[in-house]
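Scroll down for the structure; my scribbles are underneath it.
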Amino acid sequence: MNFDVKNEKQIDFLKDAKTAVDYTMYHIAKKHFFTHECELIEHVIHRMAHHSFLIRGWAVTIIVGALLMSMQSYKIFVAFLPLIAFWYLDAYFLRQERLYRKLYDWVVANRLKSDEFIMDLNAYRFKDQVDSSFKIMFSHTLLWFYGSIAFIIIAYFFILLLTGDGGAASSGGAHLPIGGH
């Protein structure tokens, strides 16, 4: 396509039009990247929350299994191993979720103003702004959840001691009557 340009005003007009189109396309692309980047971060946050939920379910299941398998009082404390492991894992995923929430807040506040860290999903640059995994382990929600499980384990230990089944089961399990004998 060949334009017949006759004077300087037409040339300036065409340059301004091209600049306007480039500027508009740039902002459309920038908004698209912003939306896509926010969606990616939202998916990561959702995955971290889902992992935390699954960990709590597995923690209860495995701890109850450990309690049922160890009917002798001194074996009850084996249930504390998965409790502590799952408690730490839950805190780890909660910390990751908080890191990505900080990243999301930064992207929302700065993306349309700056191209800095574009599509950079590394949230560890906010690690100093989020509590450590150990400190998160003792946050209100995790402390209530895992603390109540620890309390149940300890209560179960004392129930076994008081009922006399704490070490009396020499066959490795509880004495259950079978067939009324």
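In this structure, is Lys6 modelled with pLDDT under 90, over 17 Å from the mean Cα position of the chain (by Cα) and assigned to a helix (DSSP H, G or I)? When the stated conditions are applied, Lys6 does not pass them.
Would you be able to say whether some residue in region 161-168 is touching a residue at least 60 places away in the same chain (Cβ under 8 Å), over 14 Å from the mean Cα position of the chain (by Cα), in a loop (DSSP other than H, G, I, E, B) and surrounded by 15 or more Cβ atoms within 10 Å (Cβ to Cβ)? Within region 161-168, one or more residues are touching a residue at least 60 places away in the same chain (Cβ under 8 Å), over 14 Å from the mean Cα position of the chain (by Cα), in a loop (DSSP other than H, G, I, E, B) and surrounded by 15 or more Cβ atoms within 10 Å (Cβ to Cβ). Only one of the numbered conditions (1) surrounded by 13 or more Cβ atoms within 10 Å (Cβ to Cβ); (2) under 28 Å from Val78 (Cβ atoms); (3) of a type outside the set (D, E, K, R) is not met by Ser132, and that is (1). Of the residues in region 87-95, not one is at pLDDT below 90, part of a helix (DSSP H, G or I) and charged (D, E, K, R). Among the residues of region 101-118, those that are modelled with pLDDT under 85 and either touching a Gly at 6+ places or on another chain (Cβ under 7 Å) or surrounded by 12 or more Cβ atoms within 10 Å (Cβ to Cβ) (or both) comprise Arg111, Leu112, Phe117, Ile118.
Of all residues in region 91-114, those satisfying the criterion of being out of contact with any Lys or Arg (no Cβ under 7 Å at 6 or more places or on another chain), touching a residue at least 24 places away in the same chain (Cβ under 8 Å) and within 17 Å of Ala29 (Cα to Cα) are Val107, Val108, Arg111. Only one of the listed residues (His27, His46) is farther than 30 Å from Leu160 by Cα and at pLDDT 85 or above. That residue is His46.
Among the residues making up region 38-78, those that are among the aromatic types (Phe, Trp, Tyr) and touching a residue at least 12 places away in the same chain (Cβ under 8 Å) are Trp58, Tyr74, Phe77. Determine if region 99-113 includes at least one residue that is of a type outside the set (D, E, K, R) and outside any helix (DSSP H, G or I). Yes, because at least one residue in region 99-113 is of a type outside the set (D, E, K, R) and outside any helix (DSSP H, G or I).
The set of residues in region 55-72 that are among the small types (Gly, Ala, Ser), assigned to a helix (DSSP H, G or I) and over 20 Å from Ala91 (Cβ atoms) comprises Gly65, Ala66.
Cβ-Cβ distances below 7 Å connect the following pairs, each with a first residue in region 136-157 that is at pLDDT below 95 and of a type outside the set (A, V, I, L, M, F, W, C), a second residue that is part of a helix (DSSP H, G or I) and surrounded by 15 or more Cβ atoms within 10 Å (Cβ to Cβ), and a separation of six or more residues or different chains: Tyr156/Leu67; Tyr156/Ile76. Considering region 54-80, and only residues there that are among the aromatic types (Phe, Trp, Tyr) and modelled with pLDDT under 95, the residue that is surrounded by the most Cβ atoms within 10 Å (Cβ to Cβ) turns out to be Phe80.
The values are calculated or read from the model by the stated rules, or taken from the named source; none is laboratory data. All values reported here derive from a predicted model rather than from experimental measurement. Ideal geometry is used to build each Cβ from the backbone, glycine not excepted, and the neighbour counts take in all protein chains shown.
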